[in-house]
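*Asks:* Here's a structure for you.
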Amino acid sequence: MKFFRKQSLLLLALALATSCVDERRTGEHEKFFLAYGTAESVSERDLLIVLDDKDTTLLVTESTVPLGFFRNDMRLIVDYSIVEKAPPGQPFHYRARVNQVKEINTVEVNVDGNNAGNDPIAVESYWLARGFITFKYRVRGTTLTHAVNLTLLPSVLEDDEPFVPLELQHDASGDTGNETLTDLVSFPLYKAFPSATGPTKLRISYNDPEKQGGKTTIEITYYPREPA
């Protein structure tokens, strides 16, 4: 896993971007928008990118990135421009041109429950989209390979309410450096919970270096994804 001492230009631009769906207009070839998304329906001729922003769907009709780069369910940061708004009845919202993409590291949930590391990890933000949970996080180190996993823990009940316990685990692989390393990672919850037909409550803990006493816990509800 490659980390960055500083945010890449694409990540920095994304952090500064304030555009939203309602601000996109037809024919904005000279304007670019930055968003998180998922590549879907990838073929030699067709590519849909479903943005995390309200499941806005782009049909890619122009791209500086070869279509062979994309894979189904590839998580992305995408720099795109609007070609035109889709006519009513189409299964997408806009025809778009892809200017640049960056793949988000994607790791399958560790459903075996094996410990995958106890090193500290700081979560800056997290969100659910298209059946994935994505974390933006910080760790300490240099440039050695680290591993970040989401591990399914033995199920328990608390206050008579069922929930699924997981732990975001970090293995620094012996890296004792003290630089701040920032990255993104996505986990496909739809693969971990293939039989889920309704909301599933998740409780995710992690070894937080910024919390005295250790663990921080996130509670979030996963909803099975709808088709694009």
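The values are calculated or read from the model by the stated rules, or taken from the named source; none is laboratory data. From a predicted model like this one, the values you see are computed outputs, not experimental measurements. Virtual Cβ from ideal backbone geometry, glycine too; neighbours counted across all protein chains shown.
*Asks:* Could you look through the range 95-113, keep only residues that are over 12 Å from the mean Cα position of the chain (by Cα) and assigned to a strand (DSSP E or B), and pick out the one that is farthest from Glu62 (Cα to Cα)?
*Replies:* Among those residues, the one meeting the criterion is Asn110.
Here is a yes/no grid of residues against (1) assigned by TED's automatic domain parsing to the domain that holds Lys191; (2) part of a loop (DSSP other than H, G, I, E, B); (3) within 21 Å of Glu108 (Cβ to Cβ); (4) under 21 Å from the mean Cα position of the chain (by Cα):
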position: Ala39; (1), (2), (3), (4): no, no, yes, yes
position: Ser43; (1), (2), (3), (4): no, yes, no, no
position: Asp46; (1), (2), (3), (4): no, yes, no, no
position: Ile49; (1), (2), (3), (4): no, no, no, yes
position: Lys54; (1), (2), (3), (4): no, yes, no, yes
position: Leu59; (1), (2), (3), (4): no, no, no, yes
position: Glu62; (1), (2), (3), (4): no, no, no, no
position: Arg71; (1), (2), (3), (4): no, yes, yes, yes
position: Val78; (1), (2), (3), (4): no, no, no, yes
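*Asks:* Then there is this: Can you tell me which residue is nearest to Gly131 (Cα to Cα) among those in the range 42-92 that are touching a residue at least 40 places away in the same chain (Cβ under 8 Å) and aromatic (Phe, Trp, Tyr)?
*Replies:* Selected residue: Phe92.
*Asks:* Do the conditions hold for Lys215, that is, is it closer than 24 Å to Leu51 by Cα and out of contact with any Pro (no Cβ under 6 Å at 6 or more places or on another chain)? Give the steps one after another, and end with the answer.
*Replies:* On the way: closer than 24 Å to Leu51 by Cα: no; out of contact with any Pro (no Cβ under 6 Å at 6 or more places or on another chain): yes.
Considered against the rule, which asks whether it is closer than 24 Å to Leu51 by Cα and out of contact with any Pro (no Cβ under 6 Å at 6 or more places or on another chain), Lys215 comes out as no.
*Asks:* Count, please, the residues in the range 88-107 that happen to be of a type in the set (Phe, Trp, Tyr) and under 30 Å from Ala147 (Cβ atoms).
*Replies:* Looking only at that region, the number is 0.
*Asks:* Do we find that Pro154 is touching a residue at least 60 places away in the same chain (Cβ under 8 Å), part of a loop (DSSP other than H, G, I, E, B) and in contact with a strand residue (DSSP E or B) (Cβ under 9 Å, 6 or more places away or on another chain) in this structure?
*Replies:* Details: touching a residue at least 60 places away in the same chain (Cβ under 8 Å): no; part of a loop (DSSP other than H, G, I, E, B): yes; in contact with a strand residue (DSSP E or B) (Cβ under 9 Å, 6 or more places away or on another chain): yes.
Answer is no for this residue.
*Asks:* Then there's this: Residues to consider are Val42, Val60, Val83, Val21; find the one that is modelled with pLDDT under 85, surrounded by 13 or more Cβ atoms within 10 Å (Cβ to Cβ) and more than 30 Å from Ala147 (Cα to Cα). Before you say what the answer is, go through the steps one by one.
*Replies:* Values: Val42 fails: more than 30 Å from Ala147 (Cα to Cα); Val60 fails: modelled with pLDDT under 85; Val83 fails: modelled with pLDDT under 85.
Selected residue: Val21, the only one of Val42, Val60, Val83, Val21 that is modelled with pLDDT under 85, surrounded by 13 or more Cβ atoms within 10 Å (Cβ to Cβ) and more than 30 Å from Ala147 (Cα to Cα).
*Asks:* Within the range 96-151, can you find the residues that are farther than 23 Å from Ile49 by Cα, loosely packed, with under 14 Cβ neighbours inside 10 Å and among the charged types (D, E, K, R)?
*Replies:* Once the filter is applied, which keeps residues that are farther than 23 Å from Ile49 by Cα, loosely packed, with under 14 Cβ neighbours inside 10 Å and among the charged types (D, E, K, R), the range 96-151 yields Asp112, Glu124.
*Asks:* Is it the case that the range 114-135 has a residue that's assigned to a loop (DSSP other than H, G, I, E, B), in contact with a His (Cβ under 8 Å, 6 or more places away or on another chain) and on the phi > 0 side of the Ramachandran plot?
*Replies:* Yes, the conditions are met somewhere in the range 114-135.
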